[in-house]
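Here the structure comes first, spelled out in C-alpha cells, and everything after it is commentary.
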Amino acid sequence: MPDNLKPETREVDISELEEQFKSFLYAHNGKVTNERLALLRAIYENDGHYSVDELLDLMRNQSQRISRATVYRTLDLLVQSGLVKKLTIEGQETRYESAMTQGHHDHIICVDCHKILEFYDDELENLQDDILEQHHFKMVRHVHQLYGRCTQVDCPGKKE
C-alpha cells in the first residue's frame, strides 16, 4: 500500500491507557481486575482486528485465564470507554481494534479470506466533507468499508 494511503500511527503508553481504563471503571462503579487490564494490554500489544475467539486464544497463549463472559463484558466496557473500537463487518464476527494507536482510517475487507487492510485517503475524506456540506449536514462519524477480493495468489479463501 502506498505510504500516502497508510493511516497515521501514534505511540501509546500502556500504563496511561490502563489508568484511563481504571478511571472509567471507577466512574462507572466497575471493578478493576487483572483480567480486564490483561485484555486491554493484549489488544494494544498485538495490533490487529480481533474476534472474541481470537482474543480468547491470544489470552490463553499468554497463559492468562479469562472466561468468554469476561471477555465480552470487558470489550463492552473498553468500547464504552473509547479505548477500543467495535467493527461490524458484513458476514463476519464482530471485530475489535485499538482506538488510540491510529488516527481515523477506513477498511478494505477481502470477501474470500476476510483479510482487513486499513487505509486513509485525504481526497476521499474531502469528498465526504463536500457531500455533507452540499446537503447541509455536519459530520458526526462515518464508517467506510470496501469489500472486494484480494489479488494475492495465496489467498486462503480464494474460490477457484
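Are any of the residues in region 66-77 acidic (D, E) and in contact with an Asp or Glu (Cβ under 9 Å, 6 or more places away or on another chain)?
At the first step, the residues of region 66-77 found to be acidic (D, E) are 76.
Adding the requirement that they be in contact with an Asp or Glu (Cβ under 9 Å, 6 or more places away or on another chain) leaves none.
The answer is no; no qualifying residue exists.
Please verify whether Y96 is among the aromatic types (F, W, Y), in contact with a Phe, Trp or Tyr (Cβ under 8 Å, 6 or more places away or on another chain) and in contact (Cβ under 8 Å) with a residue 12 or more places away in the chain, treating the condition exactly as stated.
Numbers: among the aromatic types (F, W, Y): yes; in contact with a Phe, Trp or Tyr (Cβ under 8 Å, 6 or more places away or on another chain): yes; in contact (Cβ under 8 Å) with a residue 12 or more places away in the chain: yes.
Taking the combined requirement at face value, the residue satisfies it.
Residue by residue through region 9-47, note down the ones that are of a type in the set (D, E, K, R) and under 16 Å from V79 (Cβ atoms).
R36, the sole residue that qualifies.
What are the residues in region 82-107 that are touching a Leu at 6+ places or on another chain (Cβ under 8 Å) and modelled with pLDDT of 85 or more, if any? Show your work before the answer.
Taking region 82-107 first, the residues touching a Leu at 6+ places or on another chain (Cβ under 8 Å) are 83-84, 86, 94-100, 106-107.
Those that are touching a Leu at 6+ places or on another chain (Cβ under 8 Å) and modelled with pLDDT of 85 or more: L83, V84, K86, T94, R95, Y96, E97, S98.
Name the residues in region 40-66 that are on the phi < 0 side of the Ramachandran plot, surrounded by fewer than 12 Cβ atoms within 10 Å (Cβ to Cβ) and in a loop (DSSP other than H, G, I, E, B), would you?
The answer is R65, and nothing else.
Within region 121-130, identify whether any single residue is in contact (Cβ under 8 Å) with a residue 12 or more places away in the chain, in a loop (DSSP other than H, G, I, E, B) and either outside the structural domain of S51 (by TED's automatic domain parsing) or of a type outside the set (D, E, K, R) (or both), and answer yes or no.
Within region 121-130, one or more residues are in contact (Cβ under 8 Å) with a residue 12 or more places away in the chain, in a loop (DSSP other than H, G, I, E, B) and either outside the structural domain of S51 (by TED's automatic domain parsing) or of a type outside the set (D, E, K, R) (or both).
Go through region 34-68 residue by residue and tally those that are closer than 21 Å to G82 by Cα, of a type in the set (S, T, Y) and without any contact (Cβ under 8 Å) to a residue 12 or more places away in the chain.
Final tally of qualifying residues: 0.
Looking at region 131-157, which of its residues are outside any loop (DSSP other than H, G, I, E, B) and touching a strand residue (DSSP E or B) at 6+ places or on another chain (Cβ under 6 Å)? Break it down into steps so the answer makes sense when it comes.
Taking region 131-157 first, the residues outside any loop (DSSP other than H, G, I, E, B) are 131-134, 145-148.
Q145, L146, Y147 - these are the residues of region 131-157 that are outside any loop (DSSP other than H, G, I, E, B) and touching a strand residue (DSSP E or B) at 6+ places or on another chain (Cβ under 6 Å).
For the condition surrounded by 15 or more Cβ atoms within 10 Å (Cβ to Cβ), within 17 Å of D53 (Cα to Cα), assigned by TED's automatic domain parsing to the domain that holds E18 and of a type outside the set (D, E, K, R), what is the one hit in L83, L87, L77? Please lay out each step first, then the result.
Details: L83 fails: within 17 Å of D53 (Cα to Cα); L77 fails: within 17 Å of D53 (Cα to Cα).
So the residue among L83, L87, L77 that is surrounded by 15 or more Cβ atoms within 10 Å (Cβ to Cβ), within 17 Å of D53 (Cα to Cα), assigned by TED's automatic domain parsing to the domain that holds E18 and of a type outside the set (D, E, K, R) is L87.
Taking region 1-52, which residues are closer than 27 Å to T151 by Cα and modelled with pLDDT of 85 or more?
Initial filter on region 1-52 (closer than 27 Å to T151 by Cα): 1-9, 46-51.
H49, Y50, S51, listed by residue number.
The values are calculated or read from the model by the stated rules, or taken from the named source; none is laboratory data. Remember, predicted model here, so these are calculated numbers, not experimental data. Glycine also receives a Cβ, built like all others from the backbone with ideal geometry; neighbour counts cover every protein chain displayed.
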